[in-house]
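The values are calculated or read from the model by the stated rules, or taken from the named source; none is laboratory data. Source: prediction; values computed, not measured. Because the Cβ atoms are built from the backbone with ideal geometry, glycine has one as well, and the counts that use them run over all protein chains shown.
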Amino acid sequence: NTNIKSELLKRMSAGIEQPVSGQQLADEYGLSRTAIWKYVKELEQEGYEIGTVRKKGYYLIDSPDSLMPAAVQQYLQSQNYGQKIEYIEACPSTQLVAHVEAQNGAPDGMVIIANEQTAGKGRLSRPWSSAAGKGIWMSVITRPKLTPQQAPQMTLVAAVAIVRAIEDLTNLTPTIKWPNDILVKGRKLTGILTELQADPDRVKAIILGIGMNVNQELEDFPEEIRDIATSLYIEQGQSVKRAELTAKVLNHLETYVSLYVEKGFAPIKLLWESYADSIGKRVKISTLQDSYEATARGISEDGRLEVVLDDGTVRGIYSADIHI
Ligand code: BT5
């Protein structure tokens with residue numbers, strides 16, 4: 001039934017000029033007109049405003065900024081990614097839900113989306129602010145044929161997909177900060193958390209946690225991050241439909257993950273470097289062990305950040321926080 005609702009939404013978006021005939025849709029799906037009417041009522045309950053033209057049918061007047069499956073799926077062009085969506089109004093963290101779903105055999109591309117997270121998390125268990133209704137808080141369960149050593153590159157693959165999606169829907173030019181941040185004018189717009197379920201030699205699932213700030217105003221962020229965080233709304237003064245952005249991310253993600261699995265990391269590396277903001281720059285590197293300065297040179301074939309130390313030696317970094 002999500003399918004029919006998503007189809008209804010897609011067709012109704014053509015507006016008053018081309019209303020959707022309830023009878024025709026009923027015939028196509030082998031349903032009664034009353035069944036179609038019930039779907040229309042359900043959509044109205046979810047906040048959609050739907051008009052009717054007598055004897056002609058339904059059309060969409062306005063849609064809420066909803067992330068419910070049908071709202072997202074009307075924009076999908078993917079084979080698998082997002083074809084199954086579990087929408088949750090509020091939960092501690094979509095990563096936790098995704099881990100359980102993955103263990104229970106969730107299909108490649110299944111997505112867990114929450115309208116609000118009460119305990120969203122970043123790397124090293126840092127908190128991730130996830131205000132209700134303002135951003136995209138989702139976990140994508142992927143099952144690519146990769147070795148566990150290749151898993152960290154998925155963060156970079158996801159970053160490229162996200163930047164592409166933002167470029168599709170805004171005029172902004174985001175940059176990527178290794179490994180997992182997407183920035184606009186130096187402020188953090190999106191964070192990615194890549195987690196793994198694996199045997200020693202085989203990936204079972206990679207769970208890509210994606211947190212995107214979309215329609216927040218500055219006051220929607222906790223005070224401690226107001227000078228480092230930003231949202232699409234803050235940057236362009238205009239809100240973005242979260243459902244459409246979510247679908248664009250999933251469309252691109254599916255494309256780039258298959259590119260990576262089929263052709264290796266080289267094509268992703270090229271794209272990634274074209275968006276990177278730190279290449280050629282002096283950076284400060286903080287790892288759990290120590291903290292030092294160096295010059296960023298690029299990323300390696302396996303996704304490490306390559307830096308040149310002051311004595312000329314080159315080092316490849318697996319995980320760290322970078323300050324430019
Ligand atoms: C990340 O960690 O950037 C990964 C964030 C992943 C969040 C998604 S949301 C869906 C899924 N479910 C989850 O529970 N998590 C994933 P890291 O690089 O460690 O950055 C964390 C730091 O970013 C924090 O210490 C804050 O300084 C800052 N921060 C927290 N919330 C933010 C926000 N909404 N926007 C920008 N910066 C934020």
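The helices (runs of 4 or more DSSP H) found wholly in the stretch 1-107 and carrying at least 1 residues that are touching a helix residue (DSSP H, G or I) at 6+ places or on another chain (Cβ under 7 Å) and basic (Lys, Arg) occupy 2-12, 33-45. Kindly indicate whether residue 248 is crowded, with 20+ Cβ neighbours inside 10 Å and within 12 Å of the ligand (Cβ to nearest atom). No, not satisfied.
Conditions first: (1) away from the ligand (no atom under 16 Å from the Cβ); (2) under 15 Å from the mean Cα position of the chain (by Cα); (3) at pLDDT below 95. Residue 76 passes all but one, so which condition is the exception? Residue 76 satisfies all of (1) away from the ligand (no atom under 16 Å from the Cβ); (2) under 15 Å from the mean Cα position of the chain (by Cα); (3) at pLDDT below 95 except (3).
Is one or more of the residues making up the stretch 143-151 aliphatic (A, V, I, L, M), away from the ligand (no atom under 14 Å from the Cβ) and outside any strand (DSSP E or B)? Taking every residue of the stretch 143-151 in turn, at least one turns out to be aliphatic (A, V, I, L, M), away from the ligand (no atom under 14 Å from the Cβ) and outside any strand (DSSP E or B). Being part of a helix (DSSP H, G or I) and either free of Cβ contacts under 8 Å to residues at least 24 places away in the same chain or within 16 Å of the ligand (Cβ to nearest atom) (or both) is a description that does not apply to residue 271. Within the stretch 281-298, the presence of a residue that is crowded, with 16+ Cβ neighbours inside 10 Å and in a loop (DSSP other than H, G, I, E, B) is excluded. Just one residue in the set 120, 135 is closer than 20 Å to residue 250 by Cα, in contact (Cβ under 8 Å) with a residue 12 or more places away in the chain and crowded, with 18+ Cβ neighbours inside 10 Å; that residue is 135. Screening the candidates 106, 132 for the property of being over 30 Å from residue 282 (Cβ atoms), more than 15 Å from the chain's Cα centre (by Cα), more than 11 Å from the ligand (Cβ to nearest atom) and modelled with pLDDT under 95 yields one hit, 132.
Could we say that residue 47 is closer than 30 Å to residue 193 by Cβ and loosely packed, with under 14 Cβ neighbours inside 10 Å here? If you could, list the steps in order and put the result at the bottom.
Working: closer than 30 Å to residue 193 by Cβ: yes; loosely packed, with under 14 Cβ neighbours inside 10 Å: yes.
The answer is yes for residue 47.
All told, residue 68 falls short of being out of contact with any Gly (no Cβ under 7 Å at 6 or more places or on another chain), more than 12 Å from the ligand (Cβ to nearest atom) and either within 23 Å of residue 195 (Cα to Cα) or not aliphatic (A, V, I, L, M) (or both).
Looking only at residues that are among the hydrophobic types (A, V, I, L, M, F, W, C) and not in a loop (DSSP other than H, G, I, E, B) in the stretch 223-237, which one is nearest to residue 171 (Cα to Cα)? Before the answer, list the steps.
The initial filter retains those residues of the stretch 223-237 that are among the hydrophobic types (A, V, I, L, M, F, W, C), namely 225, 228-229, 232, 234.
Checking which are not in a loop (DSSP other than H, G, I, E, B) leaves us with 225, 229, 232, 234.
Numbers: 225: 24, 229: 19, 232: 10, 234: 13 Å.
Taking the candidates together, the pick is 232.
Quick one: would you say residue 226 is out of contact with any Cys (no Cβ under 6 Å at 6 or more places or on another chain) and within 14 Å of the ligand (Cβ to nearest atom)? So residue 226 fits the description; yes. Here residue 294 passes the criteria (1) free of Cβ contacts under 8 Å to residues at least 24 places away in the same chain; (2) closer than 30 Å to residue 108 by Cα except the one numbered (2).
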